[in-house]
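Trainee: I have a structure here, written as structure tokens, and I will follow up with some questions on it.
Laboratory data are not the source of any read-out in this text; all were calculated from the coordinates shown. No experiment lies behind these values; they were computed from the predicted model shown. Every residue, glycine as well, gets a Cβ built from its backbone with ideal geometry; the counts of neighbours run over all protein chains shown.
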Amino acid sequence: MVVGTGPGEASHGNAAGQQMRATYDRATGVIGVTYTSACGASDHTIHYGPLAAVATYGYSGAACDVGTAGSASFNPGLGSFFFVIAGDNGTWEGSYGLDGEGSERPAGTLPCGLPQILNAVCD
């Protein structure tokens, strides 16, 4: 059940068995992820940026429309990257999750991004 108009958080970091998992193919540069779909989401976006900008959430790109199947892959190019997965419902994008201090991660401002809303309550 979703209460509110936005989707919930994908891969709840504090819920056992729902953490995001990632793999990296050195030959192709492709990063594969498995995740738990956000409640109320009809799609997801992977937002990423250079690892050197992780402290400021310096997003530099996005893999849009990766679906709700719970697995996706993307190629951010050469280098080291951080990434987050956000669910959306076609109108709103949900939470990017909480950082290590329990604060909401800031939203990206990328071409495929939707306005963010954080009012979903999932159970």
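Trainee: Size of the dipole of segment 1-103 about the Cα centre, Lys and Arg at +1 and Asp and Glu at -1 on the beta carbon, nothing else charged, in debye to 20?
Mentor: Using only the charged Cβ atoms, the result is roughly 260 debye.
Trainee: Given a 10 angstrom Cα cut-off, can you work out which residue in THR56, THR109, THR36 is the most mobile in a GNM of the chain?
Mentor: Of the options given, THR56 has the highest mean-square fluctuation.
Trainee: Positive end of the charge dipole of the chain (Lys, Arg +1 and Asp, Glu -1 on Cβ, about the Cα centre): tell me which of PRO111, PRO50, ALA62 has its Cα farthest that way.
Mentor: Farthest along the dipole direction, towards plus: PRO50.
Trainee: What number results when the radius of gyration of the chain, computed over Cα atoms, is divided by 2.2 N^0.38 Å?
Mentor: 0.99
Trainee: Could you work out the relative contact order of the chain, using alpha carbon pairs under 8 angstrom and six or more residues apart, expressed as a whole percent?
Mentor: 34 percent
Trainee: Taking the Cα-to-Cβ direction at LEU110 and at LEU51 and moving 7 Å from each Cα, how far apart do the two end points lie in nm?
Mentor: It works out to 1.8 nm between the two label points.
Trainee: So, R0 is 35 Å and r is the distance between the beta-carbons of LEU118 and SER80; what FRET efficiency does that work out to, to 0.05?
Mentor: About 0.75, to the nearest 0.05.
Trainee: Go ahead and set up a Gaussian network model of the chain, Cα springs under 10 Å, then flag whichever of SER42, SER60, SER103 fluctuates most.
Mentor: Comparing SER42, SER60, SER103 in a Gaussian network model of the chain, the most mobile one is SER103.
Trainee: Exactly which GluC sites (Glu not before Pro) in segment 73-123 are in a DSSP loop and have at most 10 other Cβ atoms within 10 Å?
Mentor: Those satisfying the criteria are GLU101.
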